[in-house]
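Have a look at the structure below before the remarks.
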Amino acid sequence: MTTTETTPTVVPDFGDDDNDRKICFICSKGTLDMAYPALIMANGALGEGVETHIFFTFWGMDMINKATVDDLQFTPLGNTAMHMPPGWGKLSEKHMPQGFGGLPGMTGMATKMLKKQIAGLDVPEVPEFLELLVNMGAHLWACRMSVDMMDLEKDDLIDGVEDVINVSEFIDLSDGAQVIFV
Amino acid sequence: MTITTIAGKDVHVNDEGFMTEYDEWTEDLGRELAANIGIAEMTDDHWAAIRFLRSDFAEQQETATLRRVTKVGGIPTKQLFTLFPKKPAKKMAYIAGLPKPHGCV
């Protein structure tokens, strides 16, 4: 027989009184595989009630540019950690020879595979993910210099982007925050 | 295993105070759990979310994540943050007498 004891009620601490934590992600990459880390961590932070900002710069602009956000790519080229596809037994444990990465159609195939794996985990695609984060209260910012360099306007960016800000404004708003560069 | 008394009923809970037995939960208990974490009044909107979590758990054997509550349960994410401020996923699970969600997204 299992022994049980009756104890006073324990109420979980949801940290309602902690208001000082803030986290800022800098997204500097525009590849599909490098888009996800910040989005997943931002989602976790928002779910924990942490004030969350995401600053998009340089190649990361592709994540918020309406023209590119639906078409982020993943390539095995130059990625020495790339394995052979899953389901090939022992061979799947081997790294993919770099030469394969340069074959025509490889980027398309790798992108398709990665998207399938991500969808399999019920994780949304990047545009839907960004919309979800905004609905959770995330603040999205575009880098002024990148916008100018790429000849973009605010209207070229997805709706969730609050503003185009320069680096000193970003340094200001990240005061006291944990900053994570991706 | 720990037993505690909530709303006059002996129920099983874990170290953090989350209920561990699906069938021990009642709406009266849910109301008391909500009050414990500062939600004094459970409106119809609060209950809609909690009832979705309960019925979804019965089917999936897993607590719905926020995205699932929005996508499958049809309750906007923004509204969940208004109803259960700051940590809606965990707060809803607590009130619904379910484990914390395991998924990252």
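The values are calculated or read from the model by the stated rules, or taken from the named source; none is laboratory data. Since we're looking at a predicted model, the values are computed, not measured. Cβ atoms come from the backbone with ideal geometry, glycine included; neighbour counts cover every protein chain shown.
Residue B:79 fulfils the conditions (1) farther than 30 Å from residue A:119 by Cβ; (2) within 14 Å of chain A (Cβ to nearest Cβ) except for a single criterion, (1). On the given criteria, is residue A:129 surrounded by fewer than 16 Cβ atoms within 10 Å (Cβ to Cβ), modelled with pLDDT of 95 or more and under 26 Å from residue A:42 (Cβ atoms)? In short, no. Using the structure shown, decide if residue B:94 is aromatic (Phe, Trp, Tyr), farther than 30 Å from residue A:125 by Cβ, within 14 Å of chain A (Cβ to nearest Cβ) and in contact (Cβ under 8 Å) with a residue 12 or more places away in the chain. For residue B:94, the condition - aromatic (Phe, Trp, Tyr), farther than 30 Å from residue A:125 by Cβ, within 14 Å of chain A (Cβ to nearest Cβ) and in contact (Cβ under 8 Å) with a residue 12 or more places away in the chain - is met.
Reported count of residues in region A:10-49, each being more than 9 Å from chain B (Cβ to nearest Cβ) and touching a strand residue (DSSP E or B) at 6+ places or on another chain (Cβ under 6 Å), is 9.
The C-beta contact set for region B:26-46 (first residue on the phi > 0 side of the Ramachandran plot, second residue at pLDDT below 95 and of a type outside the set (Ser, Thr, Tyr), distance under 9 angstrom, 6+ apart or interchain) comprises B:38/A:14; B:38/A:16; B:38/B:85.
Based on what the data block shows, is residue A:75 over 16 Å from the mean Cα position of the chain (by Cα) and either closer than 29 Å to residue A:19 by Cα or in a helix (DSSP H, G or I) (or both)? Taking the combined requirement at face value, the residue does not satisfy it.
Scoring residue A:81 on the criteria (1) at the interface with chain B (Cβ under 10 Å from one of its Cβ atoms); (2) without any contact (Cβ under 8 Å) to a residue 60 or more places away in the chain; (3) within 29 Å of residue A:108 (Cβ to Cβ) leaves a single failure, condition (1). Can you find, within region A:63-80, the residue that is surrounded by the fewest Cβ atoms within 10 Å (Cβ to Cβ) among those that are touching a helix residue (DSSP H, G or I) at 6+ places or on another chain (Cβ under 7 Å) and among the charged types (D, E, K, R)? Taking the candidates together, the pick is A:70.
In the set A:35, A:67, A:45, only one residue is in a helix (DSSP H, G or I), under 20 Å from the mean Cα position of the chain (by Cα) and under 29 Å from residue A:151 (Cα atoms); that residue is A:35. The helices (runs of 4 or more DSSP H) located wholly in region B:1-74 that include 1 or more residues which are at the interface with chain A (Cβ under 9 Å from one of its Cβ atoms) and polar (S, T, N, Q) occupy B:27-36, B:66-71. Taking the criterion of being in a helix (DSSP H, G or I) and out of contact with any helix residue (DSSP H, G or I) (no Cβ under 8 Å at 6 or more places or on another chain), the residues of region A:82-100 that qualify are A:89, A:90, A:91, A:92, A:93, A:98, A:99.
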